[in-house]
Amino acid sequence: MEKFTKITGVAAPMPLINIDTDMIIPKLFLKTIKRSGLGKNLFDEMRYDDAGAEIPDFVLNKPAYRNAQIIVAGDNFGCGSSREHAPWALLDFGIRVVISTSFADIFYSNCFKNGILPIILPQEDVDKLMDDAERGANAVLNVDLENQTITGPDGGEVSFEVDAFKKHCLINGLDDIGLTMQKSDAIAVFEAQNATSMPWV
Amino acid sequence: MTAKTLYDKIWDAHLVSTDEDGTSLLYIDRHLVHEVTSPQAFEGLRTAGRNVHAPDKTIAVPDHNVPTTLDRLEGEVKNEESRVQLDALEKNALDFGVHYYPVNDIRQGIVHIVGPEQGWTLPGMTVVCGDSHTATHGAFGALAHGIGTSEVEHVLATQTLIQAKSKNMKVEISGKLQNGVTAKDITMHVIGQTGTAGGTGYVIEYCGEAIEALSMEGRMTVCNMAIEGGARAGLIAPDQKTFDYVMGRPHAPKGAQWEAALAYWKTLFSDEEAVFDKVLTIRAEDIEPSVTWGTSPEDVLPISANVPAPEDFTEGKVDAVKRALDYMGLTPGMKLTDIQIDTVFIGSCTNGRIEDFREVAKVVKGKKIKDGMRAMVVPGSGLVRAQAEEEGIAQILIDAGFEWRLAGCSMCLAMNPDQLAPGERCAATSNRNFEGRQGRGGRTHLVSPAMAAAAALTGHLTDIRDL
């Protein structure tokens, strides 16, 4: 997994609430057996018309936001399915940070496994960053995970909370399977106890 | 001893270790696997030279992509991408030695219907699957939730999951349901009350007289949609109905082990003094047959209501409702019962079980669906299909004009050929009404099986109590 320390990039505003996983990556693109290559179909149904042409009004099709690395979104971003194709598509497009007042649990967890930082902030902070994001090419935010701060184009700073373990994994690009395997003795002990106490499991 | 909730008890029984910051390693008893969210996880194992840690606790079944038309029995899947995914699942299952039900095995079906049916899902277990509707298994008093593909790989490699404990919410449905109101209406009504983010960060335990009165099938319907309310999992304490359902299933314990298991399962309830972080009480008699009008599962109203207007809402929901009404092609103020329907889909892990089809058969017996209506019933498993045929239900549905399909997820998410065309409007017994969910531009109204059957007969959304 790619390490995450700091990102300076354009933030795209997506104020719509309840942006669900089917919007992020529609099901017809889930038929892949790979993790890569989904960026071109990110937000497919909002981004392209029936003939496959770009819809100019859609934020990520606007010149200022085509290389956005940050999304500032309405409440409950990523609700719906467990599909990890959603963060894979965001990452493949180049998005490394999503900021909202709330995220669906599974999507939130999936982001951290893929080097994407989802940031939860109070409504007033999201409103302010949404305003910043509306400034097109000037909508540049600096997200610093080590110091847990976001700096806006005017120099205003917002700080955010993040789980210490998740932060550690993201900053170091750690694979948690490797970390868990270091606890294989504890897993073996648990399994041995369970084999006696609950043999039906 | 501190009083514990059901969630506390299951959590504690599966803790392998807890770090100082509260991050815990939780043991996973059952890992269900399907073709869409697993190929990258198996590939990850191969690349790292890892094995499946507990193949005996891992069950693979194809469901999302499989065609449900009868020609599936004759040969290979025509869509190449689907076929590649299905072949990958088979190869991975065989290579890594996990339990596997092939496409044309009678036990094949939607993973969340197969698990309970085969006795893989048992009270007190932890159950995960790369699918958000894993919440279904909570009906057995099992802690069950969806995970992403990275976590699928983590569970395959270690049989554990890194977790932080969720908060606890109690949702009590007191009293008795009115006639025509089903488990589906309960679960939709709850989401209408909490919103799709209301459960975020929580595990919900459903309880109360109306929940106790439900069959196991009904309880699975309720827990299935816990995720649509944002909850990590839904739970219902096991009781005699649970034990009766489980007994004799192929992978349920037998003999002395059954007795030992039963003694343990009877300890699985929330202690009377246990504290919940949040409590929601709903009177069963306040729940009406329900229907969604918008593009989020929280857009729920009683069938007797009218389409709302954006101004009825506040903040970000105003724009979301404008967008939803435009997408759905609806005008504020129109009666929900005036909404014309051209497609009916009955099936999915929410409502693809035998009891659901019995309900439908009761409504349509001796009648015909509306001229021009496209209506399909897709069983949740090959065994549900066989049972419906044996009970004469299948014939009633066929005589009424329904297509009678093979088992799979089908038009719930439209990854197989069953899709809506742009503008088509469907009454569906599934769980999501998102934009494009059943096909680009397709419009979905979520309803109970009985309400879907009623719409198939009349050609518009219909109050089942009026039939």
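The values are calculated or read from the model by the stated rules, or taken from the named source; none is laboratory data. Note that the coordinates shown come from a computational prediction; the quantities given were computed from them, not determined experimentally. Backbone-built Cβ (ideal geometry, glycine too); neighbour counts: all protein chains shown. Just the protein is used for accessible areas: all its heavy atoms, side chains included, with ligands, DNA and RNA removed. Shrake-Rupley method; radii C 1.70, N 1.55, O 1.52, S 1.80 Å.
Looking at (1) buried (at least 21 other Cβ atoms within 10 Å of the Cβ); (2) not in a strand (DSSP E or B), which one does B:D12 not meet, given that it meets all the others?
Single failed check for B:D12: (1).
Condition first: within 14 Å of chain A (Cβ to nearest Cβ) and open to solvent by less than 10 Å² (accessible area, probe 1.4 Å). Now tell me which residues in the stretch B:205-227 satisfy that.
B:N224, B:M225, B:A226
If only one of B:T281, B:T292, B:T267 is more than 14 Å from every other protein chain (Cβ to nearest Cβ) and of a type in the set (V, I, T), which one is it?
B:T281
So which of A:A89, A:A53, A:A68, A:A12 is among the hydrophobic types (A, V, I, L, M, F, W, C), more than 11 Å from chain B (Cβ to nearest Cβ) and open to solvent by 30 Å² or more (accessible area, probe 1.4 Å)?
A:A53
Picking from B:V384, B:V344, B:V377, which residue would you name as being more than 19 Å from B:G442 (Cβ to Cβ) and modelled with pLDDT of 95 or more? Quick ask: steps written out before the conclusion?
Details: B:V344 fails: more than 19 Å from B:G442 (Cβ to Cβ); B:V377 fails: more than 19 Å from B:G442 (Cβ to Cβ).
Among B:V384, B:V344, B:V377, only B:V384 is more than 19 Å from B:G442 (Cβ to Cβ) and modelled with pLDDT of 95 or more.
Counting only residues that are buried (at least 18 other Cβ atoms within 10 Å of the Cβ) and over 15 Å from B:S38 (Cα atoms), which one in the stretch A:28-44 is nearest to the other protein chains (Cβ to nearest Cβ)?
A:D44
Among the residues in the stretch A:80-89, are any under 18 Å from A:L28 (Cβ atoms) and charged (D, E, K, R)?
Yes: the stretch A:80-89 contains one or more residues that are under 18 Å from A:L28 (Cβ atoms) and charged (D, E, K, R).
Of the residues in the stretch A:182-200, how many are facing chain B (nearest Cβ under 8 Å) and more than 15 Å from B:H53 (Cα to Cα)?
Matching residues across the stretch A:182-200 total 4.
What number of residues within the stretch A:134-163 satisfy the criterion of being hydrophobic (A, V, I, L, M, F, W, C) and within 17 Å of the chain's Cα centre (by Cα)? Let's see the steps before the verdict.
As a first pass, look at the stretch A:134-163 and keep what is hydrophobic (A, V, I, L, M, F, W, C): A:137, A:139-141, A:143, A:145, A:150, A:158, A:160, A:162.
From what is left, the residues that are within 17 Å of the chain's Cα centre (by Cα) are A:141, A:143, A:145, A:150, A:160, A:162.
Adding up the residues that qualify gives 6.
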